[in-house]
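Structure record follows, encoded as structure tokens.
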Amino acid sequence: MDRTIGVDVGGTQTRVAAVEGGHLRVRRAFPTRGIREVEDAIRVVLAAAGWPKPGTIGVGAPAPLDMRAGRILTCPNLPGWEKVGVREELGRAFGCPVYLANDATCAAIGELAFGGRGRDFVYVTWSTGIGGGVVAGGEVVWGATGAAGEIGHIVLQAEGPPCACGKKGCLEALAGGASLARRGSEALGVPLSAQDLVRLAQAGDPVARDLVLTACQAVGQGLAIVHEVLEPERIVLGGGITRSWEFLGPHVLFALQGMARTPPQVTLTPLGDDAGLLGAAVLPAYIPNEWRGPQT
Ligand SMILES: [Zn+2]
């Protein structure tokens with residue numbers, strides 16, 4: 001069986017796992033820092049799995065990438081990762097092929113390979129940022145450079161709040177966890193995480209409720225656009241913010257149903273936090289040949 005390492009570099013947490021035959025053997029999670037910390041975590045995971053070296057390494061990251069070179073370009077959500085040659089660094093350290101892709105596309109691959117949610121869906125991650133990955137007829141839709149499905153950067157308000165990508169009024173700027181935390185902290189005058197803000201909204205705080213319900217409406221609007229463009233069999237949601245789906249879900253679905261002509265099927269991923277990690281681990285089997293690039 002293939003022994004692969006999956007790495008999911010999130011805006012907040014990084015997860016590293018040893019995966020064999022589709023099963024997570026060992027995993028580690030830690031606050032996102034730099035490539036050195038990823039390298040250290042891979043060594044820890046390899047030692048715990050009893051593997052001398054990995055067969056391949058797949059890395060998902062929430063940043064604009066050069067997939068062919070396996071390099072991160074800019075990194076609005078990842079301080080310290082600008083222009084990091086992930087393939088070069090990890091390939092040199094571990095002597096195996098390394099592949100890099102958008103983290104939400106990795107989560108869509110995880111869903112396709114392990115989630116049992118069919119062959120025609122859009123995966124949307126609602127977390128620190130908002131990302132997406134498209135699967136049509138069992139095939140990953142990559143786009144021209146691997147950036148297809150970036151639902152978080154659909155502009156919903158031309159003069160809305162600034163987004164980390166440099167534009168204004170993107171879905172991510174209206175509803176992403178980092179944006180909610182920042183705007184909630186400013187509005188309430190105390191440092192708050194997005195989860196804190198959601199809890200306050202749930203408890204009836206009017207300021208928190210206004211911010212969170214506006215975010216739900218924006219997510220519903222974003223999903224309605226996705227549904228109208230692609231008409232997937234279903235939209236699969238994951239990411240840290242969706243842990244509060246019981247509270248948020250009805251608001252998102254109300255907005256979505258008001259904006260889509262036919263009611264889309266929306267489900268949460270059964271893979272929880274592991275969708276991106278599992279997808280990164282099996283990324284080598286899905287990545288287009290022309291983006292495999294020169295490997296170590
Ligand atoms: Zn943006």
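The values are calculated or read from the model by the stated rules, or taken from the named source; none is laboratory data. This is a predicted model, so every value here is computed, not measured. Methodologically, a virtual Cβ is constructed for each residue, glycine included, from the backbone with ideal geometry; neighbour enumeration extends over all protein chains shown. Just the protein is used for accessible areas: all its heavy atoms, side chains included, with ligands, DNA and RNA removed. Shrake-Rupley method; radii C 1.70, N 1.55, O 1.52, S 1.80 Å.
The set of residues from the range 163-193 being away from the ligand (no atom under 16 Å from the Cβ) and open to solvent by less than 10 Å² (accessible area, probe 1.4 Å) comprises just one member, 184. For the range 120-144, name all the residues that are open to solvent by 20 Å² or more (accessible area, probe 1.4 Å) and without any contact (Cβ under 8 Å) to a residue 40 or more places away in the chain. Scanning the range 120-144 gives 137, 139, 141, 143, 144. The residues on offer are 160, 166, and the sole one that is farther than 21 Å from residue 280 by Cβ, part of a loop (DSSP other than H, G, I, E, B) and out of contact with any helix residue (DSSP H, G or I) (no Cβ under 9 Å at 6 or more places or on another chain) is 166. Starting from residues that are in a helix (DSSP H, G or I) and open to solvent by 70 Å² or more (accessible area, probe 1.4 Å), keep the ones in the range 1-43 and report whichever is nearest to residue 74 (Cα to Cα). Checking each candidate, the answer is 36.
When 243, 261 are checked against the criterion of being open to solvent by 60 Å² or more (accessible area, probe 1.4 Å), touching a residue at least 12 places away in the same chain (Cβ under 8 Å) and part of a helix (DSSP H, G or I), a single residue qualifies: 243. When you scan the range 94-104, do you find a residue that is open to solvent by 30 Å² or more (accessible area, probe 1.4 Å) and hydrophobic (A, V, I, L, M, F, W, C), even just one? Checked against the condition, which is being open to solvent by 30 Å² or more (accessible area, probe 1.4 Å) and hydrophobic (A, V, I, L, M, F, W, C), the range 94-104 yields no hits at all. Annotation note: of 22, 11, the sole residue that is over 30 Å from residue 193 (Cβ atoms), of a type outside the set (D, E, K, R) and under 22 Å from the mean Cα position of the chain (by Cα) is 22. When residue 79 is tested against the conditions (1) outside the structural domain of residue 164 (by TED's automatic domain parsing); (2) open to solvent by less than 40 Å² (accessible area, probe 1.4 Å); (3) under 25 Å from residue 162 (Cβ atoms), the lone failure is (2). There is at least one residue in the range 121-128 that is modelled with pLDDT of 95 or more, more than 20 Å from residue 15 (Cβ to Cβ), in contact with a strand residue (DSSP E or B) (Cβ under 6 Å, 6 or more places away or on another chain) and not aliphatic (A, V, I, L, M). When the residues of the range 145-159 are filtered to those that are within 10 Å of the ligand (Cβ to nearest atom) and under 20 Å from residue 251 (Cβ atoms), the one that is least open to solvent (accessible area, probe 1.4 Å) is 152.
Test residue 204 against the stated conditions and say whether it is crowded, with 22+ Cβ neighbours inside 10 Å and in a loop (DSSP other than H, G, I, E, B). For residue 204, the condition - crowded, with 22+ Cβ neighbours inside 10 Å and in a loop (DSSP other than H, G, I, E, B) - is not met.
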